[in-house]
Amino acid sequence: MTEINVTPMIKDSSDQDFMADVVEMSQTTPVVVDFWAPWCGPCKQLMPALERAVKGAGGAVKMVKINIDENPGVAGQLGVRSIPAVFAFKDGKPVDGFMGGQPESELAKFVGRLSGASDPKAEAEELAVRAKDSLAAGDPGGAAQDYAHALKLDPECAPALAGLARLYLDSGNEAQAAELIAAAPDAITDHPEINAVRSRLTLTAEPVADDATTELRAAVEANPDDLDARLNLAKALAASNQNAEAVEHLLYSIGKNRAYKNEAARLFLLTIFEAEGNQSPISIEGRRALSSILFA
């Protein structure tokens, strides 16, 4: 009788067997590695839920459990500082992972990405939408987490990349935002949301001192039809994210003389609209007012 060699779907492993159980095995079948310890309460909650998710993949994914008290070597090499820590290996390399507890729905997605049962791009889009909801609820930290996770799943998720860049801008880190936008993959470099952030970076590239803005305000008040002063004031306001007031000055200028300086006011106004995005009240009201002026 021929002996059948069946590799277990879920097994305990060690530092010594890691190469065979994880690195070599993942060349043909993705492997989830759960680093745990007997004293770790969250580990005991996560492990059975993770096992259920792996079993639900029907053999398309395997799972290895490593007790770090007895086997600290590989965990240390992977930089594990807290547990539970879970890594996904494919083609001999770690490709995904997380630390801490996760709801079963997220574990199913995690395993599904490895087995091909779930679409990383669709999941990234969902995370980007959830991040926007978090921002609306006043939770920028949660939004940043979701945006970063979305980009890990799909580096070409434009809403996530643009959203993360906007968070950098909102925190005053323009250099990091610019670096992120500059590194956008070619496939999304002209995406409307990427262009919006790029335009916002253009607006804030040259900050204007408060005293200079005050002088420009005084010049406009002294001579409302000084279109040079109005344009410069609008640029100063936009540089400090006061776009609503900047739009008012630009609309006034366009109403007085649309062609002034090769339509500089109108072109700068369009840059603000792009930076704000199509759904911004500033863009919506501003475009309506611009149409009234142009087609009166």
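The values are calculated or read from the model by the stated rules, or taken from the named source; none is laboratory data. Nothing here was measured: the structure is a model prediction, and the numbers come from that model. Here the Cβ positions follow ideal geometry from the backbone for every residue, glycine too, while neighbour counts run over all protein chains shown.
Remarks
- Subset of the stretch 108-128 (residues that are surrounded by fewer than 15 Cβ atoms within 10 Å (Cβ to Cβ) and either at pLDDT 90 or above or small (Gly, Ala, Ser) (or both)): Gly116, Ala122
Here is a yes/no grid of residues against (1) hydrophobic (A, V, I, L, M, F, W, C); (2) over 29 Å from the mean Cα position of the chain (by Cα):
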| position | (1), (2) |
| --- | --- |
| Val197 | yes, no |
| Pro207 | no, no |
| Glu215 | no, yes |
| Ala229 | yes, yes |
| Glu248 | no, yes |
| Ser253 | no, yes |
| Lys256 | no, yes |
| Tyr260 | no, yes |
| Ile272 | yes, no |
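- Residue count for the stretch 55-65, restricted to those that are buried (at least 21 other Cβ atoms within 10 Å of the Cβ) and over 30 Å from the mean Cα position of the chain (by Cα): 1
- So Ser82, is it hydroxyl-bearing (Ser, Thr, Tyr) and within 21 Å of Met9 (Cβ to Cβ): no
- Any hit, the stretch 62-72, residues being out of contact with any Ser or Thr (no Cβ under 7 Å at 6 or more places or on another chain), of a type in the set (Val, Ile, Thr), over 14 Å from Lys11 (Cβ atoms) and in the same structural domain as Glu106 (by TED's automatic domain parsing): yes
- Residues of the stretch 29-54 satisfying the condition of being surrounded by fewer than 23 Cβ atoms within 10 Å (Cβ to Cβ) and assigned to a loop (DSSP other than H, G, I, E, B): Thr29, Ala37, Pro38, Trp39, Cys40
- Test for Ala229: is it surrounded by fewer than 15 Cβ atoms within 10 Å (Cβ to Cβ) and either on the phi > 0 side of the Ramachandran plot or not assigned by TED's automatic domain parsing to the domain that holds Glu174 (or both): no
- Filter pass, Ala265 being part of a helix (DSSP H, G or I), over 30 Å from Lys132 (Cα atoms) and small (Gly, Ala, Ser): yes
- Any hit, the stretch 235-257, residues being under 19 Å from Ile293 (Cβ atoms) and of a type in the set (Val, Ile, Thr): yes
- Restricting the first member to the stretch 280-296 and to residues that are over 19 Å from Arg258 (Cα atoms), and the second to residues that are assigned to a loop (DSSP other than H, G, I, E, B), the beta-carbon pairs closer than 8 Å and six or more apart or on different chains are Ile284/Asn278.
- If you check Ser105, Ser26, Ser13 for being among the hydroxyl-bearing types (Ser, Thr, Tyr) and touching an Asp or Glu at 6+ places or on another chain (Cβ under 6 Å), only one passes: Ser13.
- Verdict on Ser105 being at pLDDT below 95, hydroxyl-bearing (Ser, Thr, Tyr) and in the same structural domain as Pro159 (by TED's automatic domain parsing): no
- Residue within the stretch 242-258 that is crowded, with 16+ Cβ neighbours inside 10 Å, at pLDDT below 95 and outside any helix (DSSP H, G or I) present: no
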